[in-house]
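Following: one structure in structure tokens, then a few remarks.
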Amino acid sequence: MSHSTPAVDQVASLRRIAALALPALVVLAAEPLYVLVDTAVVGHLGQVPLAAVAVGGTVMTLTAWVGTVVAYGTTGRAARRFGAGDRAAAVAEGVQASWLALALGVLVAVGMQVGGPALTGALAGGGDVGRAAGEWLRIAAFGAPGLLLAAAGNGWLRGVQDTRRPLWFVVGPNLLSAVLCPVLVYPVGMGLNGSAVANVIAQTLSGVLFAAALVSERVALRPRPRVIGQQLVLSRDLLIRGLAFQASFLSATAVAARFGAAAVGAHQIAVQLWFFAALVLDALAIAAQALVGAALGAGDAVAASTLAKRIGRFGAVCGAAFAVLAAAGAGVVPTWFSSDPGVHEQALVAWPWFVVMLPLAGVVFALDGVLIGAGDIRYLRNLTMVGALGGFLPAIWLSHAFALGLGGIWAGLLLFVVIRLIGLLLRLRSGAWAVTGAVRTESRARTAS
């Protein structure tokens, strides 16, 4: 059992992993690259617009995390069914996930019209930043239905190991929006709100393209409330896990805002670079979800285990490469996003923590993908809660209480990553995650453990 067979080596080969990871890398990089362009464009409007995007963008990140829950849950379920030889059932998971995504997106869009300004005002502590963020958020929220539809589409297409169509459906709209953003902000004269409009255009167009892909599959498209309900139950642990992330990052932004506009602007730059690195490193996690899920669906636990180890090693190498690039750019990268010396100074406070955690995060993101593909979501939920409640959140609020600044906030993020890394390595070693079959059930999981 400890030695790979040729068939296992083929399933877990670098070429097979790269065939899924590289297109996923481009898809994952498209959205954060657009956000970085958006941040750079708005940053040159001044401290208040940059801080407003930091606050409003953090709220919209909640929607993106809901999309991640939908996508990851769909990928794992679709991959198992695809691995078991039932492509039609895998696509059917995508249909119901898309209805769920659309409903959630409309709910977010309506909710932000009503409560968005109050939420941003509370996060920013009122003032000009809170008001500007609220106005930006009310516009940007109209992109939520498209954003979530695209997430569901990415989920089922990854599950059936189709990474070519998502490449076009995400990159095209984001390239269009990256061109529109500076035009709307400056020549057209919309200012800060121009970036929100460009956001909505990209997300809506992407959602429409993914919906059209479902139609082209010629499957039944009517919603099935019972199946959607089952998906909600199965996604419960991912939702709780996502809420732990969001509570942590919302708290971090709220505390950074209380250190001043320069601090929250610098935090926005560092956080967006962190999200960019996280999502790019998540390309390995996407490959892990699809390949591990398919291997377990086909009943091949040995191939799944080999994949897990190899993808974890690849994650460490990629994270280390990011760390080298980040360290080399410490004195230059912040100037791309703001011309304010105060923002630059504050960014350098967070930078060492950012660099140190990247190699560790590469392993964490890769192994997250392994367990999501295996359907071992309950363990991930519990581990994330321990990391958030026992590490990240206490560090954030201690930073506020003792005026530790951005250094305290980012030290908390490093602690969060370390706790998760230890827990993931222990779980991988136990083998309890590798439950075979087209559908993971709790009875089989208990037998495996």
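For the Cα atoms of the chain, what angle does the longest principal axis make with the long axis of helix 261-297, in degrees from 0 to 90, nearest 10?
It is inclined by approximately 10 degrees.
Calculate log10 I(q)/I(0) of the stretch 338-399 for q = 0.23, 0.29, 0.30 Å⁻¹, where I(q) comes from the Debye formula with a single equal point scatterer on each Cα and nothing for solvent.
Per q value, in the given order, log10 I(q)/I(0) is -1.03, -1.14, -1.15.
Please report M385, M357 as a ranked list, fewest other C-beta atoms within 10 angstrom at the top and most at the bottom.
Going from sparsest to densest Cβ surroundings: M385, M357.
How much length would be gained if the chain were fully extended between F402 and L175, taking 0.36 nm per residue of separation minus their Cα-Cα distance, in nm to one decimal? Write out the running numbers ahead of the final one.
Values: separation 227, 0.36 × 227 = 81.72 nm, distance 4.32 nm.
Here the segment from F402 to L175 would lengthen by 77.4 nm.
With N set to the number of residues, divide the alpha-carbon radius of gyration of the stretch 6-448 by 2.2 N^0.38 Å and report two decimals.
Here the answer is 0.93, to two decimals.
Between helix 405-430 and the chain, what is the angle of the helix's C-alpha long axis to the longest principal axis, kept within 0 to 90° and rounded to the nearest 10?
For 405-430 against the chain, the angle is about 0 degrees.
Let me check the size of the stretch 253-342 from its C-alpha atoms; what are the radius of gyration and Dmax in Å?
Rg and Dmax of the stretch 253-342, Cα atoms, are 18.6, 57 Å.
Expressed in nm², what is the orientationally averaged projection area of the convex hull enclosing the Cα positions of the stretch 99-258?
Result: 10.9 nm².
Calculate the FRET efficiency for D86 and R15 from the Cβ-Cβ distance with a Förster distance of 30 Å, rounded to the nearest 0.05.
Details: r = 26 Å, r/R0 = 0.86.
That pair, D86 with R15, gives E of 0.70.
What list of ³J(HN,Hα) values in whole Hz, one per residue of the stretch 244-259 in order, does the Karplus curve 6.51 cos²θ - 1.76 cosθ + 1.60 (θ = phi - 60°) give from phi, with Gly and Pro shown as x?
Couplings: 5, 4, 5, 4, 5, 6, 5, 4, 4, 5, 4, 5, 4, 4, 7, 8 Hz.
Tell me the label-point distance for the pair R236, A328, using the 7 Å Cα-to-Cβ offset, in nm and rounded to one decimal.
A separation of 4.9 nm, rounded to one decimal place.
Given the options W397, L358, L192, identify the residue whose Cα lies farthest towards the positive end of the charge dipole of the chain (+1 on Cβ of Lys, Arg; -1 on Cβ of Asp, Glu).
Among W397, L358, L192, the one farthest towards the positive end of the dipole of the chain is L358.
So what's the back-of-envelope 222 nm ellipticity for the chain, counting only DSSP H runs of four-plus at -39500 (n - 2.57) apiece and dividing by all residues, rounded to 500?
For the chain, the value works out to -29000 deg cm²/dmol.
Residues with beta-carbon under 11 Å from that of P334, excluding P334: net charge, scoring Lys, Arg +1 and Asp, Glu -1?
-2
Go ahead and run the numbers for FRET between N382 and A316, Cβ-Cβ distance against an R0 of 25 Å, rounding to 0.05.
0.55
Please arrange F392, F276 by counting, for each residue, the other beta carbons lying within 10 Å of its beta carbon, fewest first.
F276, F392
Let's test the formula: R0 of 25 Å, r as the Cβ-Cβ distance of R226 and V110. What FRET efficiency results, to the nearest 0.05?
0.50
Over the Cα atoms of the stretch 305-449, Rg to Rh with Kirkwood Rh, two decimal places?
That ratio is 1.08, to two decimals.
Taking the Cα centre of the chain as origin, sum charge times position over the Cβ atoms of Lys and Arg (+1) and Asp and Glu (-1), and report the length of that vector in debye to the nearest 20.
Computed charge dipole of the chain: roughly 1400 debye.
Can you give the extra length, in nm with one decimal, that the chain gains between V183 and S339 once fully stretched, where that is 0.36 nm per residue apart less the Cα-Cα distance?
Working: separation 156, 0.36 × 156 = 56.16 nm, distance 1.98 nm.
Answer, rounded to one decimal: 54.2 nm.
Which angle between 0 and 90 degrees, to the nearest 10, do you get for helix 192-216 versus the longest principal axis of the chain when only C-alpha atoms count?
Between the helix axis and the principal axis of the chain, the angle is about 20 degrees.
Any read-out appearing in this document is the output of simple, stated calculations on the displayed coordinates, not a laboratory observation. Predicted, not measured: the structure shown is a model, and the values here were computed from it. Using ideal geometry, Cβ is built from the backbone for each residue, glycine included, and neighbour counts are taken over all protein chains shown.
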